[in-house]
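In what follows, a structure is listed as structure tokens, so that the remarks can point back to it.
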Amino acid sequence: MTSAGETSLIGLANVGFLLVDDNRNMLTIVDSIIRAFGARKITHAVSENEAVSILKSAPCDIMVCDYILGRYTICDISREIRKSRDDRIKFMPIILLTAHTSLSRIQAARDAGINNVCAKPVSTTDLFRRLATVVDHPVPFIACNAYTGPDRRRKNRPPYTQTERRTHVPLAPAAQ
């Protein structure tokens with residue numbers, strides 16, 4: 001328990017959040033939810049330009065962003081963030097908070113480098129789960145010519161047991 005009977009659910013008091021949404025009412029709702037989880041360092045932005053400006057002056061630890069911001073989408077913003085030379089910005093977890101939950105949009109956002117998705121209308125349980133996932137279970141980061149961002153593979157598949165058809169067999173993974 002913290003003062004005044006508040007509880008800090010996953011130790012977010014020192015985690016810096018950037019909430020990005022062009023709807024100020026949604027910013028207020030998400031801010032209230034995240035504060036209820038124990039967060040205290042929360043910054044708001046209502047546009048892509050404002051978010052980029054904030055990140056350049058004071059990088060945050062986690063960004064929660066709407067899908068559409070004016071003429072930009074989370075895909076544009078995420079690609080820009082993932083190209084940053086500042087590792088604090090480049091590797092920052094991005095949670096997409098959206099009512100646009102079609103599979104094609106979610107896949108496009110994932111392919112642009114977001115870490116997780118939370119559907120609107122937002123519930124405290126769903127947002128808590130997404131935050132806990134990026135804080136407690138971060139995924140490896142991939143950087144190559146075609147993609148920069150968190151590893152997009154989320155399924156634990158069994159090892160391939162069929163006949164190897166590749167002409168060049170990759171090295172075996174290192175023993176753990």
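Values in this text are rule-based calculations from the coordinates and carry no lab data. A quick note: this is a predicted structure, and the numbers were derived from the prediction, not measured. Cβ sites come from the backbone with ideal geometry, for glycine too, and all protein chains shown count toward neighbours.
Remarks
- Label positions at ARG129 and THR28, each projected 7 Å from the Cα along the C-beta direction, are separated by 2.8 nm.
- Here region 3-150 carries DSSP beta bridges of which approximately 25% are antiparallel, counting only pairs with both residues inside.
- Estimated inter-spin distance, TYR147 and ARG165, nm [label 7 Å along Cα→Cβ]: 2.1
- In the chain, the longest principal axis of the Cα atoms and the axis of helix 103-112 are about 80 degrees apart.
- Given charges at beta-carbon only (K, R positive; D, E negative), |dipole| of region 3-150 in Debye: 180
- Each Cα pair under 8 Å and six or more residues apart adds its sequence gap; the mean of these over the residue count of region 3-150 is a relative contact order of 19 percent.
- Pairs of lysines in region 34-143 (C-alpha under 21 Å apart; 8 or more residues apart or interchain): 4
- Listed residue (THR101, GLY70, SER123) projecting farthest to the positive dipole end of region 67-143, Cβ model: GLY70
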